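The values are calculated or read from the model by the stated rules, or taken from the named source; none is laboratory data. None of these values were measured; they are calculated from a predicted model. No Cβ is skipped: glycine too gets one built from the backbone with ideal geometry, and neighbour counts run over all protein chains shown.
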Amino acid sequence: MGVVENVRQVLQDFIAPELREIRGPLTALGQRIEAAEGVNRIRYENLVQPLELIQQSFVFDKRIWELEAEKRRSA
C-alpha cells in the first residue's frame, strides 16, 4: 500500500492546490456566462414577440382571404 499512499500524497501536494487555484476563475467565468445567457434570453424574447404578431396577422389575412373567396363562390 506504500505506492498507493505515495501517489495519493503526490496528487494532494501538486494537483489539489492547482485545482483550488483555478476554482476562482472558473466561478467568475460561470457568472459571466450566466449574465450573457440572461442578455441573450431578453434579446430572443424581444425578437419573438414581433414575429408572433406577424404570424398572427398572416393567419388573420388568410382567414379574410378564405371568407372573401367563399363569398365570391356563393355570389
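Determine, yes or no, whether Val10 is modelled with pLDDT under 95, surrounded by fewer than 10 Cβ atoms within 10 Å (Cβ to Cβ) and of a type in the set (A, V, I, L, M). Outline the logic, then answer.
Values: modelled with pLDDT under 95: yes; surrounded by fewer than 10 Cβ atoms within 10 Å (Cβ to Cβ): no; of a type in the set (A, V, I, L, M): yes.
Taking the combined requirement at face value, the residue does not satisfy it.
Based on what the data block shows, is Glu70 modelled with pLDDT of 85 or more, more than 22 Å from the chain's Cα centre (by Cα) and surrounded by 10 or more Cβ atoms within 10 Å (Cβ to Cβ)?
Here the answer is yes, as Glu70 does meet what is asked.
Look at Gly30 and say whether it is surrounded by fewer than 10 Cβ atoms within 10 Å (Cβ to Cβ), among the small types (Gly, Ala, Ser) and assigned to a helix (DSSP H, G or I).
On the way: surrounded by fewer than 10 Cβ atoms within 10 Å (Cβ to Cβ): no; among the small types (Gly, Ala, Ser): yes; assigned to a helix (DSSP H, G or I): yes.
So Gly30 fails the test.
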